[in-house]
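Q: Let me begin by handing over the structure; questions about it come next.
The values are calculated or read from the model by the stated rules, or taken from the named source; none is laboratory data. It should be emphasised that the depicted structure is a prediction, and the values quoted were computed from it without experimental measurement. Positions of Cβ are generated from backbone atoms using ideal geometry, with glycine treated the same way; all protein chains shown enter the neighbour counts.
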Amino acid sequence: MDQQRAPLFEKLQSFHTKNTASFHVPGHKFGQDLEPMEELFLGQVMQIDYTEITGLDDLHQPGGVIKDAQLLAAACFKADHTYFLVNGSTAGNLAMILAVCQREDILIVERNVHKSVLHGLMLAGAKAVFLPPCIDEDSGLAAGVSPADIESALTAYPQAKAVLLTNPNYYGIGTALRPIAKLVHSYSIPLLVDEAHGAHYGFHSELPESALACGADGVVQSTHKMLTALTMGAMLHVQGSLLDTDIVQQCLSMLQTSSPSYPIMASLDLSRRLMAVHGTEKIANGLEAVKWFRQEMKEMTSFAIVQKPLMDHTSMDPFKIAIFDRTGTLSGYHLKQELEERGCMIEMADPKHAVLFFSLSSTRGDSERLIAAFRRISEQFGLKKKELQRVITNINTIPRLTTISSPTTLNLPHSISNQSTGIAAKTVRIKDSVGCRSAEMVIPYPPGIPLLYPGETITGEIVECLQQYIALGALFQGAKAIHLDQIQVYNH
Ligand SMILES: Cc1ncc(COP(=O)(O)O)c(C=O)c1O
């Protein structure tokens, strides 16, 4: 296979050169009505914003250039089958779950998953057996799940249809997947991995192994997050025979638009080519930038960067920087705000950490801007002169599941509404919600990991955590009036 080629992108280029007249969608007809300023930004992209016209194949039944591009991607990422996704890893997680679970089936899954995994369970009508996260003592962050817990869950629920893990998490912390894949396969079920943040894994010796290399059967990657695709561009890879690829394709056809974006798919093709041809060298360049940043930050002792947890089974993505103020002056949210006021927009924050994503495209120039911003923040808040708190302090109060849950149903919104069940939802002050079941999904965003799903019992610990998040200015999805100190719950 010629990895130097980008068949889908090349085909779009050649169509553009033919200068055909468009009597098909999209209605913008290659951007003919753009004003000059709009043209500057969108004009070029609209030139290749085609649809499934003759010669451009069909994402839902690929047999031409899209098939060729997906075959090249499968070879590059070492999968048996690769599916292009135009609705991010979200579509991939939904499809993987729908492909393995029917109503009442059990999926063994971490509690700390992206909302798309919980939505997949809802759509499938499947039950979750939630695994508690391991906690890194130093940082207080979740650090994967323990193989022992997975084994216990499999022993207790041998009828489970699959195990689904996130690797790595938003902070770059991951789990060694090889032994887990072996364990899960001993039950003849697939290991599914949400590798949304790890599409670059396996392309350089300083990066952790990819989930596919470790033996995972279904792997979802946001090519747009850590590689170079346009936003929403992602891939679902499958290997082995534990996932039925016909069903996967059918699920994707149900979930994805019938008008997939050719610019997004072409960017997936180009991203694959970049990795196949220059991957190691590009990653090495990005690593240079992030290593330089880490080195310079060593002088600013009032800040600390979260290190790889000491636990054996964990791994760390060097491109993810979770950094915090050791003097306790600035919360993660405050640090984020200060960095942003100095022109450095960052991925997210939590009460303690500001989380910064580098990538293979990061440059030394980017790192220099960031260092300059940190120096100014340090000076403005006089951090150098302040006393350091304990070398590493764990102020994260995120409530943690501590044991393996019993099989849990996650209801679709309509199945828990008033009309269908007669159970009324009511609005209460957050402090009064302890012991109630949440009627809303409460999702600090980013990272998009729900603190509460509908039906989950609200504990005192969760209330405390919510109050802390709100006080520190966290943004939420799902909960309508959380900033008014209100939450929707079911009557006891
Ligand atoms: C762990 C994880 N999985 C899945 C997703 C969804 O990815 P996408 O935005 O590509 O749909 C995200 C998004 O942030 C994520 O953090």
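Q: Search segment 68-79 for residues that are part of a helix (DSSP H, G or I) and pair each with any residue that is among the small types (Gly, Ala, Ser) when their beta-carbon atoms are under 6 Å apart and the residues are at least 6 apart or on different chains.
A: Once the first residue is part of a helix (DSSP H, G or I) and sits in segment 68-79, its partners that are among the small types (Gly, Ala, Ser) give 76/276.
Q: Could you grab the pairs with beta carbons closer than 8 Å, sequence gap of 6+ or different chains, first residue in segment 366-391 and under 17 Å from residue 297 (Cβ atoms), second one exposed (fewer than 14 other Cβ atoms within 10 Å of the Cβ) and of a type in the set (D, E, K, R)?
A: 378/384
Q: Answer yes or no as to whether residue 247 is at pLDDT 95 or above, more than 20 Å from residue 213 (Cβ to Cβ) and of a type in the set (Val, Ile, Thr).
A: Numbers: at pLDDT 95 or above: yes; more than 20 Å from residue 213 (Cβ to Cβ): yes; of a type in the set (Val, Ile, Thr): yes.
Yes, satisfied.
Q: Test each condition in (1) touching a helix residue (DSSP H, G or I) at 6+ places or on another chain (Cβ under 9 Å); (2) farther than 17 Å from residue 220 by Cα; (3) among the small types (Gly, Ala, Ser); (4) in a helix (DSSP H, G or I) for residue 120 and report the one that comes out false.
A: (2)
Q: What residue, among those in segment 215-230 that are of a type outside the set (S, T, N, Q) and part of a helix (DSSP H, G or I), is farthest from residue 315 (Cα to Cα)? Before the answer, list the steps.
A: Filtering segment 215-230 down to residues of a type outside the set (S, T, N, Q) leaves 215-220, 224-227, 229-230.
Going one step further and asking which of them are part of a helix (DSSP H, G or I), we end up with 224-226.
Numbers: 224: 22, 225: 19, 226: 17 Å.
Taking the candidates together, the pick is 224.
Q: A further question follows. Looking at segment 321-332, is at least one residue touching a helix residue (DSSP H, G or I) at 6+ places or on another chain (Cβ under 6 Å), in a loop (DSSP other than H, G, I, E, B) and within 23 Å of residue 227 (Cα to Cα)?
A: Within segment 321-332, none of the residues are touching a helix residue (DSSP H, G or I) at 6+ places or on another chain (Cβ under 6 Å), in a loop (DSSP other than H, G, I, E, B) and within 23 Å of residue 227 (Cα to Cα).
Q: For segment 138-147, state whether one or more residues are within 15 Å of the ligand (Cβ to nearest atom), crowded, with 22+ Cβ neighbours inside 10 Å, in contact (Cβ under 8 Å) with a residue 60 or more places away in the chain and among the β-branched types (Val, Ile, Thr).
A: In the first step, residues of segment 138-147 are kept if they are within 15 Å of the ligand (Cβ to nearest atom); the result is 141-145.
Retained after the next criterion (residues that are crowded, with 22+ Cβ neighbours inside 10 Å): 141-145.
Subset that is in contact (Cβ under 8 Å) with a residue 60 or more places away in the chain: 141-144.
So of that shortlist, the ones also among the β-branched types (Val, Ile, Thr) come out as none.
Taking every residue of segment 138-147 in turn, none turns out to be within 15 Å of the ligand (Cβ to nearest atom), crowded, with 22+ Cβ neighbours inside 10 Å, in contact (Cβ under 8 Å) with a residue 60 or more places away in the chain and among the β-branched types (Val, Ile, Thr).
Condition check ((1) closer than 26 Å to residue 407 by Cα; (2) of a type in the set (Asp, Glu); (3) not in a strand (DSSP E or B)) across all residues:
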{"site": "169", "(1), (2), (3)": "yes, no, yes"}
{"site": "192", "(1), (2), (3)": "yes, no, no"}
{"site": "213", "(1), (2), (3)": "no, no, yes"}
{"site": "232", "(1), (2), (3)": "no, no, yes"}
{"site": "243", "(1), (2), (3)": "yes, no, yes"}
{"site": "249", "(1), (2), (3)": "no, no, yes"}
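One line per residue, one yes/no per condition, for (1) among the aromatic types (Phe, Trp, Tyr); (2) at positive phi; (3) modelled with pLDDT of 75 or more; (4) surrounded by 15 or more Cβ atoms within 10 Å (Cβ to Cβ):
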| residue | (1), (2), (3), (4) |
| --- | --- |
| 391 | no, no, no, no |
| 397 | no, no, no, yes |
| 402 | no, no, yes, no |
| 407 | no, no, yes, yes |
| 415 | no, no, no, no |
| 418 | no, no, no, no |
| 426 | no, no, yes, no |
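Q: Could you check segment 204-255 and list, in sequence order, the residues that are polar (S, T, N, Q) and more than 12 Å from the ligand (Cβ to nearest atom)? Walk me through it before giving the result.
A: Narrowing segment 204-255 to residues polar (S, T, N, Q): 205, 210, 221-223, 228, 231, 239, 241, 245, 249-250, 253.
205, 210, 228, 239, 241, 245, 249, 250, 253 - these are the residues of segment 204-255 that are polar (S, T, N, Q) and more than 12 Å from the ligand (Cβ to nearest atom).
Q: If a residue must be more than 28 Å from residue 156 (Cβ to Cβ) and more than 10 Å from the ligand (Cβ to nearest atom), how many such residues does segment 79-120 contain?
A: Residues flagged as more than 28 Å from residue 156 (Cβ to Cβ) and more than 10 Å from the ligand (Cβ to nearest atom) within segment 79-120 amount to 7.
Q: Checking the condition in contact (Cβ under 8 Å) with a residue 60 or more places away in the chain and either not hydrophobic (A, V, I, L, M, F, W, C) or not in a helix (DSSP H, G or I) (or both), which residue from 343, 279 passes?
A: On the way: 343 fails: in contact (Cβ under 8 Å) with a residue 60 or more places away in the chain.
The conditions single out 279.
Q: Right, another one. So how many residues does segment 452-486 have that are under 17 Å from residue 411 (Cβ atoms) and surrounded by 15 or more Cβ atoms within 10 Å (Cβ to Cβ)? First the steps, then the outcome.
A: Initial filter on segment 452-486 (under 17 Å from residue 411 (Cβ atoms)): 452-458, 478-479.
In the following step, the residues that additionally are surrounded by 15 or more Cβ atoms within 10 Å (Cβ to Cβ) were identified as 452-456, 458, 478-479.
The total comes to 8.
Q: Could you list, in sequence order, the residues of segment 27-51 that are free of Cβ contacts under 8 Å to residues at least 60 places away in the same chain and part of a loop (DSSP other than H, G, I, E, B)?
A: If the condition is that a residue be free of Cβ contacts under 8 Å to residues at least 60 places away in the same chain and part of a loop (DSSP other than H, G, I, E, B), then 27, 28, 29, 30, 31, 32, 33, 34, 35 are the ones that fit.
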